[in-house]
Amino acid sequence: MKAAERGADDTLEADIAFHVAVLRASGNPFYMQFREVVATALRTSIRFTNRIKGRTASVADHTAVRDAIAAGDADRAHAAMRHLITDVLRLIDQAEEKGAAI
């Protein structure tokens, strides 16, 4: 994602790759079955929310998730991912209130 922010990669694809990597890191084969569904849902969601906020995803917020996973700190990883998801839901709610098409 950092390379994408510098223009060396596509920011949307880097963001999606991050979330698919989280699925992979879970080691749960059930979750991995949903990687294409997750990728498709994220592609739509990320495009929409990036358009609303006028920027790409927060590398710092994603780094917090990565660092917590790497440290094996499930509670911190959960909180960091919840922060990402809450931000997205807030943006979508605000857009709906303004009548934006999703």
Filter the stretch 72-97 for residues that are open to solvent by 70 Å² or more (accessible area, probe 1.4 Å) and touching a helix residue (DSSP H, G or I) at 6+ places or on another chain (Cβ under 9 Å) and give the result. Ala74, Asp75, Arg76, His78, His83, Gln94
Is it true that Thr11 is open to solvent by 40 Å² or more (accessible area, probe 1.4 Å), out of contact with any strand residue (DSSP E or B) (no Cβ under 6 Å at 6 or more places or on another chain) and under 17 Å from Ile85 (Cα atoms)? no
Quickly run through the stretch 29-59 and pick out the residues that are more than 20 Å from Thr86 (Cα to Cα) and open to solvent by less than 50 Å² (accessible area, probe 1.4 Å). Met32
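Counting only residues that are in a helix (DSSP H, G or I) and without any contact (Cβ under 8 Å) to a residue 12 or more places away in the chain, which one in the stretch 51-62 is farthest from the chain's Cα centre (by Cα)?
Step one: filter the stretch 51-62 for residues in a helix (DSSP H, G or I), giving 51-53, 59-62.
Next, from what is left, pick out any that are without any contact (Cβ under 8 Å) to a residue 12 or more places away in the chain: 51, 60.
Working: Arg51: 15, Ala60: 12 Å.
Looking at the filtered set, the residue picked out is Arg51.
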If you go through the stretch 1-50 one residue at a time, how many are in a loop (DSSP other than H, G, I, E, B) and not charged (D, E, K, R)? 8
Subset of the stretch 14-28 [free of Cβ contacts under 8 Å to residues at least 24 places away in the same chain, of a type in the set (Gly, Ala, Ser) and surrounded by 11 or more Cβ atoms within 10 Å (Cβ to Cβ)]: Ala14, Ala17, Ala21, Ser26
Would you mind telling me which numbered condition in (1) open to solvent by 70 Å² or more (accessible area, probe 1.4 Å); (2) farther than 22 Å from Gln94 by Cα Val65 fails? (1)
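The values are calculated or read from the model by the stated rules, or taken from the named source; none is laboratory data. On a predicted model such as this, the values are computed, not experimentally measured, just so you know. All Cβ positions, even for glycine, are placed from backbone atoms using ideal geometry, and neighbour counts span all protein chains on display. Surface areas here come from the heavy atoms of the whole protein model, side chains and all, with no ligands, DNA or RNA. Shrake-Rupley method; radii C 1.70, N 1.55, O 1.52, S 1.80 Å.
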